[in-house]
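Below: one structure, written as structure tokens.
The values are calculated or read from the model by the stated rules, or taken from the named source; none is laboratory data. Since the model is a prediction, treat every value here as computed from it, not as a measurement. Cβ sites come from the backbone with ideal geometry, for glycine too, and all protein chains shown count toward neighbours.
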Amino acid sequence: MKVLNNKEMRELDRIAIEVYSIPGIILMENAGIAVAQQAMKVLNNKPSKKVVILCGVGNNGGDGFVAARHLRNKGIPLDVFILGEPARIKGDARTNYDILLKLGVSITYIEEEKDVTAFEKALVNDSIIIDGIFGTGLHREVEGIIKEVIITTNNSGKEVIAIDIPSGVNGNDGKINGVAIQAAKTITFQLPKLGNILYPGRAYCGELMIKDIGIPQEAINSVQTKIQLITEDDITGILPQRRPDTHKGTYGKAFIIAGSPGMTGAAILASKAALRCGGGIVKVAVPQAQMDILENKSIEAISVSLEDLQGNKKEFIERLQTEDTVAIGPGCGQSDAFFDTLGTVINNTTVPIVIDADGLNVLAKNLNILKNSKAPCIITPHPGEMARLTGLSIEVINKERIKVTKDFSEKWGVITLLKGAATVIADPEGNVYINTTGNPGMATAGSGDVLTGMITGFLAQGISPIKATIIAAYLHGKAGDRGSVKLGQYSLMAGDIIKEIPCLIKEVLAEPLKKSNNT
Ligand SMILES: NC(=O)C1=CN([C@@H]2O[C@H](COP(=O)(O)OP(=O)(O)OC[C@H]3O[C@@H](n4cnc5c(N)ncnc54)[C@H](O)[C@@H]3O)[C@@H](O)[C@H]2O)[C@@H](O)CC1
Ligand SMILES: Nc1ncnc2c1ncn2[C@@H]1O[C@H](COP(=O)(O)OP(=O)(O)O)[C@@H](O)[C@H]1O
Ligand SMILES: [K+]
């Protein structure tokens, strides 16, 4: 699903209105109805009902006026507050404002301190607040009386439904323009905005709902953007069904170089995750001393002595050429011998390579070795590893997650998966995919090793590098979400993420199976 910035959303509205002749007032009506319906759902659980609606003077406020009219028709007591000079209400918003005036709806204009007090007084008992102050038109810091109203709203403890995007959140990047409404629910229209998806804005949205307001698919197709949100629909049906006339070779050979003394777990987690994701044969190169532990804990994986490979480069290169994918890095340590091993892999592999963890830490010593690669490379840094690779601070990386990931992919010709909330994936062509599954319970040792194993398992089966990365990121986060529901975020461990993989894969495979059974 496309994710838009403010300008692209305005362009989409323009195309719907001018090219496809859908009157803007219809879009506003649909938007306002969606908000009113959501408010009714929330109110159904409350003994006494009242809605307080905050409206700015733009179209976000216009949506608020429409919601007010529909709630009034349902007999819901209302207080409408307007923030800003009413003379500035124009166009469709003006039409809807005038209707409210004709209906005699109580409207209070918040211009000075005493009006903020009136707003506070309106917040009685089980009232809820609808936030229609600013949407995609926010363009500078929120100050003065509006800032006060937002702070009062946040301190009130009332449930807030935000229209399109919580007021104060910048739709372009999720940053906060001074202060922002903390919503329980946000209803955004047609497509998510970047500010709904990227932190901190995403945290201000509460539960995000994306409602169709009648913009045609043709209009959506014509908006140029390279940024996509990964959704369940994108994942369902991508994984190939298993045909009866196949064998383990059909599902590919994955070679994972992982683990070192004290970190055998990384190799175990990655190999198990690769097998659970359907890789046919998983071989793991670990130091000789780790082979027994690996074989005890991951009985289906084949172990190989890393020292033997490092000692016999010719055999190492021959082995690399028989694999369908190679992953390198989890728990490997940062020795010179390992840096050399990474160079051997990069120089002699033509199948997709996944580089993670210590693979990235040693890669940071000389990124230019990437230039020798004839293989598609996928790198999976967390912000700390990305800082080592780029020389940027972790703070800058987290503030500019999309730009940093995209720039790195374009510069080095790799697929980059920047971990964290939200995970950003970019390819060398400048396409960006944002993943929002996952939770802070996954901030636990080894969960990145599981992700590496998952990507590797999908790659082994011949799924394209970008698709394998996208599917793995989505399912890894979703497995973490399921695990956290069962065990709690405090107690989730990396191994618990692996346990959730089988059911999730069954679910995303189920849809095309049903389809093929029906034909
Ligand atoms: N046809 C359309 O364009 C549609 C737009 N829709 C709604 O319209 C919204 C966008 O409407 P607008 O473009 O009118 O913009 P907004 O309603 O978000 O806000 C613009 C108004 O707020 C003022 N403003 C912006 N930042 C300010 C600040 N920091 N302090 C004080 N005042 C500030 C601007 O000067 C302008 O008057 C969307 O978020 C969505 O809710 C929906 O009705 C669907 C259809
Ligand atoms: N707050 C969070 N929200 C979503 N996902 C998270 C969060 N914290 C961690 N994760 C995910 O957990 C994984 C952690 O990986 P990583 O830091 O490499 O761990 P390790 O090196 O211990 O294996 C990443 O996929 C990351 O996106
Ligand atoms: K809003």
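For residues that are aliphatic (A, V, I, L, M) and either outside the structural domain of ILE128 (by TED's automatic domain parsing) or away from ligand 3 (no atom under 16 Å from the Cβ) (or both), scanning just the range 28-41, find the one that is surrounded by the most Cβ atoms within 10 Å (Cβ to Cβ).
The qualifying residue surrounded by the most Cβ atoms within 10 Å (Cβ to Cβ) is ILE33.
Regarding the range 7-16, can at least one residue be identified that is buried (at least 23 other Cβ atoms within 10 Å of the Cβ) and away from ligand 1 (no atom under 13 Å from the Cβ)?
no
Within the range 382-404, can one find any residue that is within 11 Å of ligand 2 (Cβ to nearest atom), more than 17 Å from the chain's Cα centre (by Cα) and either surrounded by fewer than 22 Cβ atoms within 10 Å (Cβ to Cβ) or at pLDDT below 95 (or both)?
Yes: one or more hits.
Would you please name the residue that is nearest to VAL282 (Cα to Cα), looking only at residues in the range 405-423 that are surrounded by fewer than 24 Cβ atoms within 10 Å (Cβ to Cβ) and either among the aliphatic types (A, V, I, L, M) or not assigned by TED's automatic domain parsing to the domain that holds ILE268 (or both)?
VAL414
Checking LEU513 against (1) at pLDDT 95 or above; (2) surrounded by fewer than 17 Cβ atoms within 10 Å (Cβ to Cβ); (3) among the hydrophobic types (A, V, I, L, M, F, W, C), which test does it fail?
Every condition holds for LEU513 apart from (1).
Can you tell me how many residues within the range 1-36 are within 30 Å of THR436 (Cα to Cα) and among the β-branched types (Val, Ile, Thr)?
4
Out of GLN288, GLN334, report the one residue that is closer than 23 Å to LEU418 by Cβ, surrounded by fewer than 21 Cβ atoms within 10 Å (Cβ to Cβ) and in contact (Cβ under 8 Å) with a residue 12 or more places away in the chain.
It is GLN334.
Within the range 439-470, track down each residue that is among the hydrophobic types (A, V, I, L, M, F, W, C) and crowded, with 24+ Cβ neighbours inside 10 Å.
Hits for the range 439-470 are MET442, VAL450, LEU451, MET454, ILE455, PHE458, LEU459, ALA460, ILE463, ALA468, ILE470.
Go through the range 447-492 and report how many residues are of a type in the set (Lys, Arg), within 14 Å of ligand 2 (Cβ to nearest atom) and either free of Cβ contacts under 8 Å to residues at least 40 places away in the same chain or in a loop (DSSP other than H, G, I, E, B) (or both).
Total meeting the criteria: 1.
Which residues, taken from the range 239-272, are touching a Phe, Trp or Tyr at 6+ places or on another chain (Cβ under 9 Å) and part of a strand (DSSP E or B)?
ILE257
Can you tell me how many residues in the range 63-93 are over 29 Å from PRO47 (Cβ atoms), within 33 Å of the chain's Cα centre (by Cα) and free of Cβ contacts under 8 Å to residues at least 60 places away in the same chain?
The qualifying residues number 0.
Please specify each residue of the range 139-168 satisfying the condition of being more than 11 Å from ligand 1 (Cβ to nearest atom) and more than 18 Å from GLN38 (Cβ to Cβ).
GLU148, VAL149, ILE151, THR152, ASN154, ASN155, SER156, GLY157
Limited to the range 233-253, what total is found for residues that are surrounded by 13 or more Cβ atoms within 10 Å (Cβ to Cβ) and in contact with a Ser or Thr (Cβ under 9 Å, 6 or more places away or on another chain)?
Total meeting the criteria: 2.
Of all the residues that make up the range 400-429, how many are among the hydrophobic types (A, V, I, L, M, F, W, C) and outside any strand (DSSP E or B)?
7
Of these, ASP496, ASP427, which one is touching a Pro at 6+ places or on another chain (Cβ under 9 Å) and acidic (Asp, Glu)?
Result: ASP427 is the single residue among ASP496, ASP427 that is touching a Pro at 6+ places or on another chain (Cβ under 9 Å) and acidic (Asp, Glu).
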